[in-house]
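Taken together, the values in this text are just the output of simple stated rules run on the coordinates, not laboratory data. Fair warning: this is a prediction, and the values are worked out from it, not measured in the lab. No Cβ is skipped: glycine too gets one built from the backbone with ideal geometry, and neighbour counts run over all protein chains shown.
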Amino acid sequence: MTQTQKPAPRISSGPFEHFLKGWAVNLMADPGQSAHWFSRGGADAARALCSQDAPVRWLYGPGNYGRCQNCIKVMKRRIERGPPL
Ligand SMILES: [Zn+2]
């Protein structure tokens, strides 16, 4: 079966209720962005593996946004190094 590949529309899956860590999109940043691996660092602050900071209330589910290549690289390096102490 052959199908023409169209780029999928970028759709977020909506706001997180209790975000701790995971792939997320900062919808308040530029619209052409991708999803980053954020982990919550404080009451209202999250930081991505690629060192991007965002308030937790700005983070939305990644939906079908593409994943940030920098976050993937950092994640691979961490996996190679072994689990954190
Ligand atoms: Zn990133």
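For the stretch 20-62, enumerate the residues that are in contact with a Lys or Arg (Cβ under 7 Å, 6 or more places away or on another chain) and either aromatic (Phe, Trp, Tyr) or closer than 25 Å to Pro7 by Cβ (or both). Answer for the stretch 20-62, where residues must be in contact with a Lys or Arg (Cβ under 7 Å, 6 or more places away or on another chain) and either aromatic (Phe, Trp, Tyr) or closer than 25 Å to Pro7 by Cβ (or both): Trp23, Ser34, Ala35, Phe38.
The criterion of at least 3 residues that are charged (D, E, K, R) is met by none of the strands (runs of 3 or more DSSP E) falling completely within the stretch 16-63.
Does the stretch 4-11 contain at least one residue that is touching a strand residue (DSSP E or B) at 6+ places or on another chain (Cβ under 8 Å) and crowded, with 16+ Cβ neighbours inside 10 Å? Within the stretch 4-11, not a single residue is touching a strand residue (DSSP E or B) at 6+ places or on another chain (Cβ under 8 Å) and crowded, with 16+ Cβ neighbours inside 10 Å.
Evaluating Gly42 against the criteria (1) loosely packed, with under 15 Cβ neighbours inside 10 Å; (2) in contact with a Phe, Trp or Tyr (Cβ under 9 Å, 6 or more places away or on another chain) leaves one unmet condition, (2). For the stretch 68-85, the candidate set comprises residues that are surrounded by fewer than 15 Cβ atoms within 10 Å (Cβ to Cβ) and not in a helix (DSSP H, G or I); within that set, the residue that is nearest to the ligand (Cβ to nearest atom) is Pro84.
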